[in-house]
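The structure appears right after this line, and notes come after that.
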Amino acid sequence: MIRALLTTLGTLLLLAVIGAGGGLFIFYKFGQALPDYRQLADYEPPVMTRVHAGDGRLLAEYAVEKRVFVPIGAMPKKVIQAFLAAEDQNFYSHQGVDFTGVARAVLVNLKNLGSSRRLVGASTITQQVAKNFLLTNEVSWRRKVKEAILAFRIERAFPKQRILELYLNEIYLGFGSYGVAAAALNYFNRSLDELTISQMAFLAALPKAPNNYHPIRKPDAARGRRDWVVRRMLEEQFITPQEAAAARDAPLLIAKRDETQLVTAAYFAEEVRRELEDRYGEQQLYKGGLSVRTTIDPKLQAMADDAVRGGLQAYDRRHGYRGPFSQIGADVRLDTSPDWQRALARVERPKGMHEWSLAVVLGTDQKFAFVGVEDGKQGRIPLSELTWAREALEDQKRGPKVRKPADVLARGDVVAVSKAIPRDKDKPVPEDFYGLRQIPEINGGLVALDPHTGRVLAMTGGYSPELSEFNRATQARRQPGSAFKPFVYLAALDQGYTPATLILDAPFVIDQGPGLPKWRPANYTKKFYGPSTMRLGIEKSRNLMTVRLAQTIGMDKVATYAKRFGIVDRLPETLAMSLGAGETTLMRLTTAYAMLVNGGKRITPTLIDRIQDRNGRTVFRHDDRQCVKCRAEFWTRQPPPEQPDTRDQMTNPGSAYQTVAMLEGVVKRGTGRRIAAVGKPLAGKTGTTNKERDTWFLGFSADLAVGVFAGFDTPIPLGRRETGSSVAAPIFRDFMAAALKDKPSIPFRIPPNISLVRVDSRTGQLAVAGTRNVILEAFKPGTVPTGDSQVLEGQSWREPGAAASGAITGTGGLY
């Protein structure tokens, strides 16, 4: 008897040694070349980057997986308990593998052999973390062994809370949801702390197989699995019997996630995306969970988009109609609604249509073109809405006048239309009246920024991002023409000249050397006006005066100012550059103008106010000044803290104001008179280049700087008499009228060293009794005119016998 007992004990001991040795061998064999579990210490799940507008609304999201990361400490306790009850009831007691759970699973599976019941698993949450983060989804006993080994190692390396945090933020729960927070939003349109016990239980039922418990396709299975989790929570005493009963009785209802209020600003958002990628890299942009607060003002952005589209459409209509998008064949019966609707539905909708509709011309008579619109309605285009649509010819010319609709449209034409706009508010047009529309070929951009901070409040980079993502505000380098001239005048003002300085407006010729033609710049009018004040030169955009002034002060100084104000980094020191021949971008030039109206202070344009990382730590601020007093927790009637002004002074504040005052004259009396219709204190300058290839208007109010560019992407002439005044200025005007509506009229701020003196606007001399055309001119101390002034003539090579004045023909130039 004793011998048999010893034999049995010896056999058991031998088996135990063999088992232990086998286990150690398996652990040694499979424990080699396993992934490094220590990487989980620094693991951060990929989280989307969210970009917000200045008012907090969402502008864009950038992500590989749409995941919301929630620290374990911020998760409701019952959410955690629901997952523990469903997935790992012994989570806080096992060391990575739950041997009790494994034994229970083996017994249950043996009991269910031969039945149709699904096999029961025993993977712990730690094992699932090991599989999800470090292993593949391969179904084999080898992977299970590796999973167990890694689970032991993870448990020794990390606290339980860290393991839970990784698990609950990583698991896939269906509906495109990674992590419980995203699932709560996508299934129930709720945050985690708003979930009911029933909803928590349903989410906890999903990790094993989300598709098997799809609440819409498989509602019975979904409810059954939810109720099982509720029962498990009750068994673990995480909830009361009353709570369990209420959870089981609750209907399983899916709530569509609220539509996010998106701000539409494609060009702005793309520029922000490029900046974030340049600053942090692609990995951080799409997986880093950045929170970005931008500078965009959605209301101003909508105004900018409308103004640019409206201005480009107005130019396009002045140069004729280029024809329909396509033609519906003669085999289609257009006199029956189903036929033309089906035919129109097969036409691919052109990009850049925005709010317009596609329509097919059903026929014409002497007064109307009859159209069928893509929404199924029929309407009429009156002749008055077609008179603009003369045939577009080469060189921006137009064909003969339109006398009847058939001169423009033919049966079967597929065109763009929109509701006709009343020309008189008191005379509404019939409901079925439409207007013919056309997508412009010309393009352009607009930038609006705060001149005191550099915050870009609106940016439109083109007519439509659907047509082209190329940003004309930041990427297009074009010649600014006369829009550059204010900086030539500013350089002269800093040298002691005044707005009343007389400059000769007469022929100017430069000998460029052997074999090269003489350079003869000319005014836009091809006329010469004799001695004129500097103010008049900028108001009327006189080329010859600008060239003489640049020659006198030196092109080296002009180049210095171009670089100082960020317009052109290396401006060639040739006189043609004083007329705006050096290429720049709209963003750069608008920023330079902003530095005039802010008193000559340096600003850096920015699209981003602040960037925070996934943990809420601020990693970038545009305004990097420290304000300790701004952090007061309570207001005890203390005055607002005053921040130091750390901006560099770029020019004499008096010179900056003198330039602003002269640019205000451009709006009142010069090439920018169209802008005066806004009825607010505004200043600015037109710009047009050779053969009207580029048009500009740059200007500002006291607290808003705006720049507009318009031209073809491949530079070609815009047509006769199409200048900055006719193309770009109306866009500026319309934007400013909308932006400043209902805003107080704020005059331009005058620095303390400036005196406003009554002078004769023609001669610049002090006004006396009987002087006509009196204006207030700005002078710095000691520069008020006291008598006759000398005329700045410059040095011009003149051919023998050439006239010094009169209307002679020049070769043109930038104006």
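The values are calculated or read from the model by the stated rules, or taken from the named source; none is laboratory data. Because the structure is a prediction, the values reported are computed rather than measured. Cβ placement follows ideal geometry from the backbone for every residue including glycine, while neighbour counts extend to all protein chains displayed. Surface accessibility is based on the protein's heavy atoms, side chains included, excluding ligands, DNA and RNA. Shrake-Rupley method; radii C 1.70, N 1.55, O 1.52, S 1.80 Å.
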- Burial ranking of peptide ranges 408-419, 241-252 (average Cβ count within 10 Å, highest at the top): 408-419, 241-252
- Query: Remind me, relative contact order of segment 360-475 in percent, using alpha carbon pairs under 8 angstrom and six or more residues apart?
  - Reply: 20
- Task: Evaluate the relative contact order of the chain (contact order divided by residue number), counting alpha-carbon pairs under 8 angstrom at least 6 apart; express in whole percent.
- Result: 12
- Task: Calculate the all-directions average of the projected area of segment 343-437's alpha-carbon convex hull, and give it in nm².
- Result: 7.0
- Query: For segment 147-242, with every protein chain kept in place, what is the accessible area per residue (1.4 Å probe, Å²)?
  - Reply: 40
- Query: For segment 316-366, rounded, prolate or oblate, judged on the Cα gyration tensor with a ≥ b ≥ c (square roots of eigenvalues), a/c < 1.5 rounded, else prolate if a/b > b/c?
  - Reply: oblate
- Query: What per residue convex hull volume, in Å³, comes out for segment 708-801 when only alpha-carbon positions are used?
  - Reply: 286
- segment 591-675: relative contact order in percent, alpha carbon pairs under 8 Å with at least 6 residues between: 34
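Counting only protein heavy atoms, what percent of the accessible surface of the chain is carbon or sulfur at a 1.4 Å probe? Intermediate results must be reported in sequence, preceding the final value.
Details: 21000 of 40270 Å².
Ligands and nucleic acids excluded, carbon and sulfur give 52 percent.
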- Taking all pairs of distinct Cα atoms, average 1/r, flip it, and tell me the Kirkwood hydrodynamic radius of segment 490-541 in Å to one decimal place. 12.7
- Rounded, prolate or oblate (a/c below 1.5 giving rounded, otherwise prolate when a/b exceeds b/c) for segment 477-520 by Cα gyration tensor: oblate
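Using a 1.4 angstrom probe on the protein heavy atoms only, line up Thr689, Thr636, Thr783 by accessible area, largest first. Provide the component values of the computation, followed by the final result.
On the way: Thr689 0, Thr636 105, Thr783 40 Å².
Largest to smallest exposure gives the sequence Thr636, Thr783, Thr689.
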- Task: Would you kindly compute the Cα radius of gyration of segment 253-365 and its largest Cα-Cα separation (Dmax), both in Å?
- Result: 21.8, 63
- Message: I'd like to know how segment 575-691 sits against the 2.2 N^0.38 Å rule of thumb: what's its Cα Rg over that expected value?
- Response: 1.48
- Projected label distance in nm at Val774 and Thr604, using a 7 Å step from Cα toward the beta-carbon: 4.9
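Find the accessible area per residue for segment 304-369; the probe is 1.4 Å, ligands and nucleic acids are left out, and the unit is Å².
On a per-residue basis, 51 Å².
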- Item | Kirkwood-type radius of segment 233-312, with distances r between different C-alpha atoms, in Å | 17.8
- Task: Determine the shape class of segment 467-593: with a ≥ b ≥ c the square roots of the Cα gyration tensor eigenvalues, call it rounded for a/c under 1.5, and otherwise prolate if a/b is greater than b/c, oblate otherwise.
- Result: prolate
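Filter Lys557/Lys685; Lys527/Lys601; Lys557/Lys743; Lys540/Lys563; Lys131/Lys218; Lys419/Lys668 down to the pairs with a C-alpha to C-alpha distance above 29 Å, please.
Working: Lys557/Lys685 21 Å; Lys527/Lys601 38 Å; Lys557/Lys743 39 Å; Lys540/Lys563 26 Å; Lys131/Lys218 27 Å; Lys419/Lys668 36 Å.
In this structure, Lys527/Lys601; Lys557/Lys743; Lys419/Lys668 lie more than 29 Å apart at Cα.
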- Any residue on another chain or 5+ positions along whose placed amide H is under 5 Å from the amide H of Arg455 is listed here as Asp450, Thr606
- Task: Using only Cα positions of segment 441-534, each an equal point scatterer, no hydration layer, compute I(q)/I(0) via Debye at q = 0.15, 0.19 Å⁻¹ and quote the log10 values to two decimals.
- Result: -0.93, -1.03
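Compute the semi-axes of the equivalent ellipsoid of the chain, taking the square root of 5 times each eigenvalue of the Cα gyration tensor, and list them largest first in whole Å.
Its equivalent ellipsoid spans semi-axes of 71, 37, 24 Å.
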- Item | At 0.692 mPa s and 37 °C, Stokes D of segment 639-765 from Kirkwood alpha-carbon radius, µm² per second | 199
- Task: With no solvent and one equal point scatterer per Cα, compute the Debye intensity ratio I(q)/I(0) for segment 560-613 at 0.17, 0.20, 0.30 Å⁻¹ and report its log10, rounded to two decimals.
- Result: -0.60, -0.75, -1.22
- Going down the list Lys351/Lys401; Lys299/Lys680; Lys404/Lys427; Lys66/Lys256, which pairs span over 25 Å between their C-alpha atoms? Lys351/Lys401
- In whole Hz, what ³J(HN,Hα) sequence does segment 750-763 give by Karplus (6.51, -1.76, 1.60; θ = phi - 60°), x for Gly and Pro? 9, x, x, 8, 10, 10, 9, 10, 6, 9, 7, 4, 7, 9
- Query: How large is ³J(HN,Hα), in whole Hz, for each residue of segment 574-591 in order, when computed from phi with the Karplus curve 6.51 cos²θ - 1.76 cosθ + 1.60 and θ = phi - 60°, using x for Gly and Pro?
  - Reply: 10, 4, 4, 5, 5, 9, x, 8, x, 6, 8, 10, 4, 4, 5, 5, 5, 4
- Note on the structure: FRET efficiency for Arg625 and Glu583 from the Cβ-Cβ distance with R0 = 25 Å, rounded to 0.05, comes out at 0.15
- Give me the lysines in straight-line cross-link reach of Lys425: C-alpha distance below 23 Å, same-chain residues under 8 apart excluded. Lys367, Lys741
- In terms of modelled amide H atoms, which long-range or inter-chain residues lie less than 5 Å from the amide H of Val263? Leu58, Leu59
- Message: From the helices alone, meaning DSSP H stretches of at least four residues, give me the mean residue ellipticity at 222 nm for the chain, per-run term -39500 (n - 2.57), in deg cm²/dmol to the nearest 500.
- Response: -10000 deg cm²/dmol
